[in-house]
Every structure is written in C-alpha cells, then in structure tokens.
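Only one structure is covered here, and it is reproduced in the block below.
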Amino acid sequence: MRHFLTFEDFSKDEIFEILRLAAEIKKEAKAKDYKPYLKNQTLAMIFEKSSTRTRVSFETGMYQLGGQALFLSSKDIQLGRGEPVRDTARVISSMVDMAMLRVYKQSDLEEFAKYSAVPVINGLSDYLHPVQLIADYLTMQERASGDCVAYIGDGNNMAHTWISLASILGFELRIATPKGYEADASIVAQAEKNAKISGAKILYTHDPREAVCGVDVVTTDTWVSMGQESEKERKVKQFEGFCVDKDMMSLAKKDAIFLHCLPAYRGYEVSDEIIEAHAGDVFSEAENRLHGQKGVMVWLDRHRGN
Ligand code: CP
Ligand code: NVA
C-alpha cells in the first residue's frame, strides 16, 4: 500500500504515471464519461485548517469516481479535543477506503499513515503541498509552457514542494526569497542529492529579478500562510520588492505563464493586473486540482498491493 505524503516517496516515472492518469481521467470527465474507478469507496477528509479548493476538489472528485467523501473538521471530531492521531487513524481507516488530511505538522501525517489501514493523502501541511503541484505541473503540460520555473516569495510549503518536484523530475527552478525566509535546509539538502540523479538545476537567490529572467513559468504564493496571521505586518515589510507585477513579469519569456495556488492576495505577492492578465492559467490550475487528485486517488487505489 502506498501513501501520497511527499514526492520523495515517488520515482520520476511514478509521478509521470500519476500525471498521465490525471490527464486521461480529465479527458473522460470532459466528455461526461465518469468512469466509476472508485465505486462505493469512501474518502475521509480531515481538515485542521481552512480550505476552498482542496475540499471541493476532493469531494467532487470522489463523487465523480463513484464514491463519496466525508468532511471532518478537526474541531468537530475528537482529534480536536486531544484524541491521539494514531487512535484516530486506526478508527477512521477501519471504516473508510482512503484518507486525506490537511494539517499543521507533516509528522502528524506520517503518524496517521503509520497507523492507517488505507492510503493517506497530504492535503497540505506546513511543510509540503504535493497535490497542488500535481495540478500545477498538469497545467504546465497542457500549456506546453516549458519547464524553467521561477518561484518568487516565501520559502514555505509551496516553495518546498516545487524544490522537491524539480529535483526529482529534473527541471530548472529558481527560488527567490527575502533574507531570513529561505526554504528549509533539509529540503535543500535532499534536493541536492536528487538533482545528482535527475540533473535538475536549482538556483537559490534573494533577487527576484535574477530568478524570473527568461523563465517559462512564474509562480508565487501568499506571504502569510495559514497559522502565520500574527506575522503579517512584519512580513509585508520584509517582502517589499517581491510582488509579481508587470515589471517583474516582463523579465520572463514573452509567452511565460503565471501560476498561483490560490488564495491570492492582490497587491501583496501579486498585482491585480498580473493575476487578471493570467486568469486563464491560474483558474485552469485551480480546476486541475480536481483532475489531478482524481489521478492521485485512482493511482493509490491501483497500488494497494492486493
Ligand atoms: N490551493 C489550495 O490548497 O487552496 P485551498 O486552501 O482553498 O484548499
Ligand atoms: N502557503 C499557503 C498555501 C495555501 C494553499 C498556506 O499554507 O497557507
């Protein structure tokens, strides 16, 4: 049985297999040919944090695959009152076929997976957001955008996941963060090891202009992730010069695409003008959450090892 907690557990071929499956299922869905790949299965969705895209895409995706999804806010289940993660995992996984968790700590996901009888999916942690990157890369493939990517902003869960994916698939990535907001050292060290095999080129800089120069894809994320609300004032000051605006975007390739995992905060990490000019890219990316995750769930179901 496999879990989808981090790209580090997957080979390059397996990631491309998930992407192919997602594209195939998307094509079928666009033709209203909803194949019941997960007929009668139930997905438990545990949320410790807010969500629009993750909740709607997993719930709708599971329904379209012939199954159903349970929305479980951690506030409303005993987990939120201190029931241990391992007990929650043993109980819930005895009743459902798959589980998706959005949590603060990556280690909670790992503990849940350790005690779970069913595949577990990372629906975002403070450390990683891999289902988002499946949607992002699917969008790049559809746009045939080229895969030299600049990520401008906070060295957060999105930056980490871009680093991990680039290092495994072997594409060029430039990460520009303000001083003091660099990506986690352990992600960077692992990526260095991966890059020796994949040939990925990853640049870390504090200069967003250096990063975007000539790239195919420009991407960013909020400066204030969920749980960091009290840091907003300080971060906004320290991220001055990191807004992806027209000037910055003009340094990328002429036909470069712009991606944002959303929610976006206009006037902070991206200007209103840029997000509106690239609404076609950004909202296809958001829709691809649905198709990408259907690919992930069907892939996991096919690798249960029974
Ligand atoms: N991008 C993303 O995960 O969105 P939500 O927080 O709305 O799920
Ligand atoms: N970095 C953001 C991503 C939201 C999808 C956060 O963790 O809040």
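The table for this structure:
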| quantity | calculated |
| --- | --- |
| Single residue of 32, 26, 49 found to be outside any helix (DSSP H, G or I), away from ligand 1 (no atom under 16 Å from the Cβ) and either acidic (Asp, Glu) or surrounded by fewer than 20 Cβ atoms within 10 Å (Cβ to Cβ) (or both) | 32 |
| Condition broken by residue 59, with the remaining ones in (1) away from ligand 2 (no atom under 16 Å from the Cβ); (2) assigned to a strand (DSSP E or B) satisfied | (2) |
| Filter result for the condition that a residue is loosely packed, with under 14 Cβ neighbours inside 10 Å and farther than 18 Å from residue 160 by Cβ, over 253, 237 | 237 |
| Entirely in the range 221-306, the helices (runs of 4 or more DSSP H) that have 2 or more residues that are farther than 30 Å from residue 19 by Cα | 232-238, 246-249, 272-277 |
| Among the candidates 116, 94, residue that is more than 16 Å from ligand 2 (Cβ to nearest atom) and loosely packed, with under 14 Cβ neighbours inside 10 Å | 94 |
| Wholly enclosed strands (runs of 3 or more DSSP E) of the range 100-215 bearing at least 2 residues of a type outside the set (Val, Ile, Thr) and in contact with a strand residue (DSSP E or B) (Cβ under 6 Å, 6 or more places away or on another chain) | 148-152, 172-176, 201-205 |
| Subset tally (residues that are closer than 17 Å to residue 132 by Cβ and either in contact with a Gly (Cβ under 6 Å, 6 or more places away or on another chain) or surrounded by 20 or more Cβ atoms within 10 Å (Cβ to Cβ) (or both)) for the range 54-90 | 4 |
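So that you can scan it fast, the table gives a plain yes or no per residue for (1) touching a strand residue (DSSP E or B) at 6+ places or on another chain (Cβ under 8 Å); (2) aromatic (Phe, Trp, Tyr):
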{"residue": "2", "(1), (2)": "no, no"}
{"residue": "7", "(1), (2)": "no, yes"}
{"residue": "14", "(1), (2)": "no, no"}
{"residue": "36", "(1), (2)": "no, no"}
{"residue": "39", "(1), (2)": "no, no"}
{"residue": "49", "(1), (2)": "yes, no"}
{"residue": "55", "(1), (2)": "yes, no"}
{"residue": "69", "(1), (2)": "yes, no"}
{"residue": "74", "(1), (2)": "yes, no"}
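Each value in this text was obtained by applying a stated rule to the coordinates, not by laboratory testing. Bear in mind the structure is a predicted one, so any value in this text is a computation, not a measurement. When we count neighbours, we look across all protein chains shown, and the Cβ atoms used for this are built from the backbone with ideal geometry, even at glycine.
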